1. Output needed: Cys residues of the chain lacking any neighbouring Cys C-beta below 4.7 Å, sorted by number.
2. For a test of the definition: using alpha carbon positions, the gyration tensor, and the 1.5 limit on a/c, classify the chain as rounded, prolate or oblate.
3. Could you calculate the FRET efficiency of Ala153 with Arg113 from 1/(1 + (r/R0)^6), where r is the beta carbon distance between them and R0 is 56 Å, rounded to 0.05?
4. Treat the count of other C-beta atoms within 10 Å as a stand-in for reagent exposure and order Val312, Val49 from fewest to most.
5. Report the extension gain between Val134 and Ser19 in nm, rounded to one decimal, defined as 0.36 nm multiplied by the number of residues separating them, less their alpha carbon distance.
6. Summing +1 for each Lys or Arg and -1 for each Asp or Glu, what net charge is found among the other residues whose Cβ lies under 14 Å from the Cβ of Asn151?
7. Tell me the relative contact order for the chain as a rounded percent, counting alpha carbon contacts under 8 Å between residues six or more apart.
Amino acid sequence: MRVLLNAIMSEVLKDRIESLHRELQDLHAANAPEIEALRQKYLSKKGLVSQLFDEFKLFPKEEKAQWGAPLNRLKQEFEARITELREQCQENADSQVKTDLTRTPDPIGLGTRHPLSLVREQIIDIFSRIGFTVADGPEVEDDKHVFGMLNFAPEHPARDMQDTFFIEKEEGVQKPTDILLRTHTSSVQTRVMTAWAKSLNNASDASSSLRVLCPGRVFRNEAISARAHCFFHQVEGLYVAKNVSFADLRQTLLYFAKEMFGPETQIRLRPSYFPFTEPSAEMDISCDLCGGKGCAFCKGTGWVEILGCGMVDPNVLESCGIDSKVYSGFAFGLGVERIANLKYRVKDLRLFSENDVRFLQQFESC
Ligand code: DAH
């Protein structure tokens, strides 16, 4: 009886292996979901091939030897066919792509934002939160707006061709004209203040204030090296109202430093001189590399210089048509490259203008 049962079981298994072999010959699929459906049907845990393995486990030992090999072969053949179908499907997809004439021939890489744009936007963002708006001015300027109205003495060295690029009126004529490439964004101050003074005269409410940032490119006649360039970027800040004090300037700059470099940052103001501010100062921030202890970056001082600032000189207010007995103001000017250097530790200034993608790609995630 037992022998007979074994013989029947063997016969059934043989039939089913043969029938699955026939099905295998006819296995086709048009796409990935169909291939996955076939895999499920035959090879998943409850699949038809797997079921045969379950039944095989019930066979007596002596029968197992006979069926192990054919069953394994069947499984391998199904697996091979599924892999083959997948490859065919991929090849078809690839060949379709090749004939897609609307596709761009070269893959387009994702662009990155320039580090100077990132820093400029961040500066604007920080000051816009305390009411500063952005003003623009021309890069090709006249002597009046760059120097004269900003209280530069007529013989000031900045007016020398050594320091400033003057525009020649006629080709080949070396004589300097009063048209030049602006050497600082302070020139935009004079334009903005003049326009504001005019609007003040017309306005009934004289309690208004002027709060602007002037970002832009500036030019100086310098030999290009790792530490100097003939053009760079500045952001000028200006606040004019009644009763503006040096304390207002200090608090505004402290707020900026903490927002830009972190809440631990401290500032220090050192007396300085600029023709357009009185008193004038230069601002240092505590070195964020060493936390103020002193390192190679801050040359052992614990401080790093980041900007110039001061109270707008009354002469400048008057030259723009603002009554310096009623109004006062503060101004500051910072170098965007300088801040970018501090944030990203860029050792060579030239990298900012060379547009080398290996440099720019490093700012992909910023
Ligand atoms: N214009 C100055 C420069 O280019 C920077 C500067 C210093 C701007 C002090 C200011 C200021 O507004 O108050 O070096």
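1. Cys89, Cys214, Cys230, Cys309, Cys320, Cys366
2. Working: a/c = 3.88, a/b = 3.23, b/c = 1.20.
Verdict is prolate for the chain.
3. 0.85
4. Working: Val312 26, Val49 20.
Least to most surrounded, the residues fall as Val49, Val312.
5. Working: separation 115, 0.36 × 115 = 41.40 nm, distance 7.95 nm.
Stretched out fully, the Val134 to Ser19 stretch lengthens by 33.4 nm.
6. On the way: positive: Lys144, Arg159; negative: Asp143, Glu155, Glu278, Asp313, Glu318.
Computed value for this residue: -3.
7. Working: 516 pairs, mean separation 55.2, N = 366.
For the chain, the relative contact order is 15 percent.
Values quoted throughout were computed directly from the atomic coordinates according to the rules given, and no laboratory measurement underlies them. Predicted model, so just to flag it, every value in this text is computed and none were measured. Because the Cβ atoms are built from the backbone with ideal geometry, glycine has one as well, and the counts that use them run over all protein chains shown.
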